[in-house]
Amino acid sequence: MAVTPSNMLPLGTKAPDFKLLDTISHKILSLSELKADKGTVIMFICNHCPFVIHIQKELIKLANDYQKKGIAFIAISSNDAENYPDDAPNKMTTVAKQLGYPFPYLYDETQSVAKAYQAACTPDFYIFDHQLKCAYRGQLDGSRPGNATLVTGKDMRAALDNLLMGEPIDPNQKPSAGCNIKWKT
């Protein structure tokens, strides 16, 4: 499987707004209504990517741990569902409900949101501060399918802890890596 790294959106970039279909509630939701006062995590994920499947349980744990501290979590799938039917909105609903996603799972049908965020892979992670400025973009942790590193979420947990304490987040961030976003042709 080919590995694609994050593009590493410049730190300080304002989060582009969006309105997308939430495949769980079947409502159109916007960043402005989903964001949290303390910070917001935006994740580009999908159903079929082995890199996402490898970390799904930790994503749920991370969200459950930090939502109660005032951090919002938003998952977005931007994959071409026509050529990758496992990533179609109805399948997104099924996966989200089976796994008990504690966050909205939005479908970016036009792929314009992925392009606005310069997302390149699944998973691709962004943490935005209370002003919706990018404070972190990088890996969940060093675990990947097939390596012996445990999935702990340590890199994102450290960034979120610093954000919540008002401490600087180390700008030396390692890119996430995974399957490339399946762009429409």
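Every number in this text was worked out from the coordinates using simple rules, so none of it is lab data. Note that the structure is predicted; figures quoted are calculated from it, not measured. All Cβ positions, even for glycine, are placed from backbone atoms using ideal geometry, and neighbour counts span all protein chains on display.
Quick notes
- Residues 137, 157, arranged from fewest to most other Cβ atoms within 10 angstrom of their Cβ, appear as 157, 137.
- Our estimate of slack between residue 158 and residue 19, defined as 0.36 nm per intervening residue step minus the Cα-Cα distance, is 47.1 nm.
- Three-way shape call for the stretch 63-115 based on the alpha-carbon gyration tensor, with the a/c threshold at 1.5: oblate
- Summed side-chain charge close to residue 183 - residues other than residue 183 whose Cβ falls under 11 Å, Lys, Arg +1, Asp, Glu -1: +2
- Listed pairs 19/184; 57/154; 27/97; 19/174; 14/38; 69/91 exceeding 24 Å between Cα atoms: 19/174; 69/91
- Reducing the stretch 15-50 and the stretch 102-126 to their Cα centroids gives an inter-centroid distance of 8 Å.
- Coil-residue trypsin sites (Lys or Arg not before Pro) of the stretch 1-38, DSSP, other Cβ within 10 Å capped at 16: 27, 38
- The chain: calculated mean residue ellipticity at 222 nm from DSSP helix runs of at least 4, using -39500 (n - 2.57): -8000 deg cm²/dmol
- Among the helices of the chain, those built from whole DSSP H runs whose Cα atoms reach 20 Å or more along their own axis and whose mean Kyte-Doolittle hydropathy is at least -1.0 are 50-67.
- Whether the stretch 41-136 is rounded, prolate or oblate, judged on the alpha carbon gyration tensor where a/c under 1.5 counts as rounded: oblate
- Only Lys, Arg (+1) and Asp, Glu (-1) charged, at Cβ; the chain dipole about Cα centre in debye: 140 debye
- Efficiency of FRET between residue 56 and residue 11 - r from beta-carbon atoms, R0 25 angstrom, step 0.05: 0.40
- Three-way shape call for the stretch 16-180 based on the alpha-carbon gyration tensor, with the a/c threshold at 1.5: oblate
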